[in-house]
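Notes for the one structure printed next.
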Amino acid sequence: MPLLKPLSAFALKGITAAVLGTVALSVQAAEYEWTFQTSETAGEPQFELKKAWADNVNTMSGGRIEIEILPVNAVVQANQTLDAVQSGILQGHLTDPSYFSGRDPAFGMLGNLVGAWGDPLEFLEYMNHGGGEELYNELVNPYGVQLIGAAATGLESFPSTRPIRTVEDLEGLKVRAPEGMVYNIFEKAGAAPVNLPGSEVYTSLEKGVIDAADYTVFSTNHSQGLHSFANYPNYPGFHSLPMVSVSLNKEIWDGLPEDLQSILETSVDKLAYEMVFELKKLDLEAVAEARQDPEIELIDMAPEERAKFRNIAKEEWAAWAERSEMNRKVYDSVVEFLQARNLM
């Protein structure tokens, strides 16, 4: 068997050039560079999960897509990102559609149908296999926006300065609630809702402007110190499970090759389940810590009281269904889904 000949200097030079050329290709500028704004402040667990999603998109696309993730209010206010994505000021957003209820009440119904979901996996099943994503795109496409996919946080806890064991305990409670369906349902349940941005929840609880807050998951509330003032948190929550809409400017979406569209859709599916299970893990850790604090009392509302709250919510769903043709479509779709699975 002949011995291998040593490579000549010319051959080595050729191989080196080829390797350097490959490296240059791998670090070349991305084909698509986008900015997405979220609805969280920097450093929150959900914000970090969304940054990891952007990194994953970059990896899955082989560097062809690069996404910058910005915190709430970085470019526009939380309720203005829909317009910003349509106009191209932002290329996309990851946010709760309820912020846009003032544009169309259907955003509130799809974004956070209060009292509907007992578990985030129920909601994700509806969005992916019950017609929810198709309905959402029917809603947002006229605004020049395309839903890539839906994610969800989990049932939000309910930090309160006084114990809420029954629906009757909500009477007169000054609760922070965003505009739209959440606000209306708390009002119907006897509370006195106050429309405040999430960034003002801590100081508002501290100063007594509000008694309780529809805000976010237990672990985030706990890490921000809300239970120092609102030391009667309801967990698991009984009311709110918001959607996280991961959306892109529709003109950009329509111009993407199919492989990148598929990569984006797959990446959001991964984000959705990572968000559910990572936030659940953080919640359980925070709950275990809170149980060691004698000043904090966790309250798990009894099933019959949860049913009372849901019945109030269901009446409001039906009332909202009369507001527009799209609201009626959402209402009929969700009710059909819940009934088919014995969830209502």
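The values are calculated or read from the model by the stated rules, or taken from the named source; none is laboratory data. Note that the coordinates shown come from a computational prediction; the quantities given were computed from them, not determined experimentally. Here the Cβ is made from the backbone with ideal geometry for all residues, glycine too, and neighbour counts use every protein chain on show. What goes into the accessible areas is simple: the full protein's heavy atoms, side chains included, and nothing from ligands, DNA or RNA. Shrake-Rupley method; radii C 1.70, N 1.55, O 1.52, S 1.80 Å.
As a rough guide to protection, the peptides 145-152, 294-301 ranked by mean Cβ packing within 10 Å, highest first, stand as 145-152, 294-301.
Which of the listed residues, 70, 39, 121, is farthest toward the dipole's positive end in the chain, when Lys, Arg count +1 and Asp, Glu count -1 at the beta-carbon? Value computed over the given set: 70. In units of the rule-of-thumb radius 2.2 N^0.38 Å, region 142-215 shows an alpha carbon radius of gyration of 1.28.
The label point for residue 319 and the one for residue 58, both projected 7 Å from the Cα toward the Cβ, are 4.8 nm apart. Segment residue 258..residue 89, full-extension length gain: 58.4 nm, with 0.36 nm per residue of separation and the alpha-carbon distance subtracted. Given their separation in residues at 0.36 nm each and the Cα-Cα distance between them, residue 165 and residue 74 gain 28.9 nm when the chain is fully extended.
Cα-Cα over 23 Å: which of 281/329; 51/281; 174/329; 188/281; 280/329; 174/207? Write down the numbers at each step before the final one.
On the way: 281/329 35 Å; 51/281 19 Å; 174/329 32 Å; 188/281 33 Å; 280/329 31 Å; 174/207 12 Å.
As for pairs spanning more than 23 Å Cα to Cα, those are 281/329; 174/329; 188/281; 280/329.
Between the amide H of residue 117 and any residue lying 5 or more places away or on another chain, no distance stays under 5 Å, with hydrogens modeled in the peptide plane. Kirkwood-type hydrodynamic radius, the chain: 21.6 Å, calculated from all non-identical alpha-carbon pairs.
Where does each of 60, 275 land when they are ordered by accessible area, with a 1.4 Å probe and the largest first? Write down the numbers at each step before the final one.
Values: 60 70, 275 0 Å².
So, going from the largest accessible area down, we get 60, 275.
Put simply, the amide H of residue 91, placed in the peptide plane, has neighbours under 5 Å in 35, leaving out anything fewer than 5 places away on its chain.
Quick one: pull the percent of accessible area on region 120-223 belonging to carbon and sulfur, 1.4 Å probe, ligands and nucleic acids left out. Numbers along the way, then the final one.
Numbers: 1700 of 3530 Å².
On region 120-223, the fraction of accessible area on carbon and sulfur atoms equals 48 percent.
For residue 194, the residues whose modelled amide H falls within less than 5 Å of its own, excluding neighbours fewer than 5 places apart on the same chain, are 175, 176, 177. Sort out for me the Cα centre separation of region 191-260 from region 135-188, rounded to whole Å. Result: 9 Å between the Cα centres. Coordinate range of the alpha-carbon atoms in region 57-108 per principal axis, descending: 39, 21, 19 Å.
Put 214, 254, 293 in order of accessible area, highest first, and with a 1.4 Å probe you get 254, 293, 214.
Let me check against my output: what whole-number percent is the relative contact order of the chain, with C-alpha pairs under 8 Å and at least 6 apart? 21 percent. Computed from phi, the 3J(HN,Hα) profile of region 217-224 under the Karplus parametrisation 6.51, -1.76, 1.60 (θ = phi - 60°) reads 6, 4, 5, 5, 4, 5, 5, 7 Hz, with x in place of Gly and Pro. The mean accessible area for residues of the chain, using a 1.4 Å probe and ignoring ligands and nucleic acids, is 45 Å² per residue. Karplus-derived 3J(HN,Hα) values for region 180-194, using 6.51 cos²θ - 1.76 cosθ + 1.60 with θ = phi - 60°, are x, 4, 4, 4, 4, 5, 4, 4, 5, 7, x, 6, 10, x, 10 Hz; glycine and proline are entered as x. Could you tell me how far the Cα centroid of region 292-344 sits from the Cα centroid of region 43-117, in Å? Taking the Cα centre of region 292-344 as reference, the centre of region 43-117 is 24 Å away. Length gained on full extension, residue 269 to residue 342: 23.8 nm, using 0.36 nm per residue less the C-alpha separation. The HN-Hα couplings worked out from phi for region 230-236 by the Karplus form 6.51 cos²θ - 1.76 cosθ + 1.60 (θ = phi - 60°) are 9, 8, 10, x, 8, 8, x Hz, whole numbers, x standing for Gly and Pro.
Can you compute the helix-only [θ] at 222 nm over the chain? Use -39500 (n - 2.57) per DSSP H run of at least 4 residues, normalise by all residues, nearest 500 deg cm²/dmol. Please report the intermediate quantities before stating the final value.
Numbers: 13 runs with 161 residues, N = 344.
Rounded to the nearest 500, it is -14500 deg cm²/dmol.
For region 233-344, carbon and sulfur atoms together expose 48% of the accessible surface, with a 1.4 angstrom probe and every protein chain in place. For region 32-118, report the translational diffusion coefficient in µm²/s to the nearest whole number, using Stokes-Einstein at 37 °C, 0.692 mPa s, and a Kirkwood Rh over Cα pairs. Estimated diffusion coefficient is 238 µm²/s. Using a simple spin-label model with pseudo-atoms 7 Å out from Cα toward Cβ, residue 291 and residue 29 lie 5.5 nm apart.
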